[in-house]
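The next block holds one structure in the form of structure tokens; read it before the comments.
The values are calculated or read from the model by the stated rules, or taken from the named source; none is laboratory data. Model, not experiment: these values are computed from the prediction. Here Cβ is always computed from backbone atoms with ideal geometry, including for glycine, and neighbour counts include all displayed protein chains.
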Amino acid sequence: MSDLFFGLQLAIQAPPHDPWRTRLCNLVRSHTRDLGLQDQRGLFGALCNLLLPAVDRMPLAFWDLIENGRTEYDDWVSGIEDDSAEPWQPDRSGARMDHVLVSALFLVPKDGPSGTVIGEGCDLPESTWTTRATMRQLLGLLPQLDFASVRGSAVYVTPGGEREAFALHELRAEGYDYLLPLR
């Protein structure tokens, strides 16, 4: 059976010490161990509830759906984890550092219940792929997943420290140039 990779990566304006950002970081930190099905439902439901109101503060985003996605899932997870192991180097340009990058990654059987939810939810006209309405729709898929059928899931907030943040121009530069402007 083929697996689907579904990934969202969202650049969100959330300066250090923003109460919303603190809630986000606390949510992710409180779910850092292997999670049971109820815990996964709770995490992704709460994540959806936090991210939906933040869509208007997302200048850039990316999402992807890939069949036979095991390698893509593994690449994303290892890439983000490798990046997080590197010491944080703050931007020295003087630009305002007030963005975080939230990544939510899933590996699901294509023919399972979660594959159906994701497949139907991502069946969108290309002209809508980079709209805020699409981001809301895709985020709304997270609490609908049947976590008994999810083979892998991960959530990351980078940079990880509450005092660290990206400058927006960093997220528009090489290395993050796959992120697309939302309209």
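Assorted remarks:
- Extreme residue, nearest to Gly140 (Cα to Cα), among residues of the range 43-58 that are surrounded by 17 or more Cβ atoms within 10 Å (Cβ to Cβ) and of a type outside the set (A, V, I, L, M): Cys48
Per-residue answers, yes or no, for (1) touching a helix residue (DSSP H, G or I) at 6+ places or on another chain (Cβ under 7 Å); (2) of a type outside the set (A, V, I, L, M); (3) part of a strand (DSSP E or B); (4) under 27 Å from Cys25 (Cβ atoms):
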| residue | (1), (2), (3), (4) |
| --- | --- |
| Glu81 | no, yes, no, yes |
| Pro87 | no, yes, no, yes |
| Arg92 | no, yes, no, yes |
| Ala95 | yes, no, no, yes |
| Val100 | yes, no, yes, yes |
| Leu105 | yes, no, yes, yes |
| Asp111 | no, yes, no, no |
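- Of all residue pairs spaced 6 or more apart or on separate chains, those with beta-carbon atoms under 9 Å, a first member in the range 126-138 that is within 12 Å of Pro53 (Cα to Cα) and a second member that is modelled with pLDDT of 95 or more and not aliphatic (A, V, I, L, M) are Arg132/Asp56; Arg132/Arg183; Met135/Trp63.
- Considered as a group, the residues in the range 1-30 that are in contact with a His (Cβ under 8 Å, 6 or more places away or on another chain) and among the hydrophobic types (A, V, I, L, M, F, W, C) include one that is farthest from Cys122 (Cα to Cα), and that residue is Ala14.
- Candidate set from the range 1-57 (those that are in contact with a strand residue (DSSP E or B) (Cβ under 9 Å, 6 or more places away or on another chain) and acidic (Asp, Glu)); member that is farthest from Glu164 (Cα to Cα): Asp3
- Scanning the range 123-150 for residues that are under 17 Å from the mean Cα position of the chain (by Cα) and not in a helix (DSSP H, G or I) turns up Trp129, Thr130, Thr131, Gly140, Leu141, Leu145, Val150.
- Residue in the range 88-101 that is of a type in the set (Ser, Thr, Tyr) and modelled with pLDDT of 95 or more present: no
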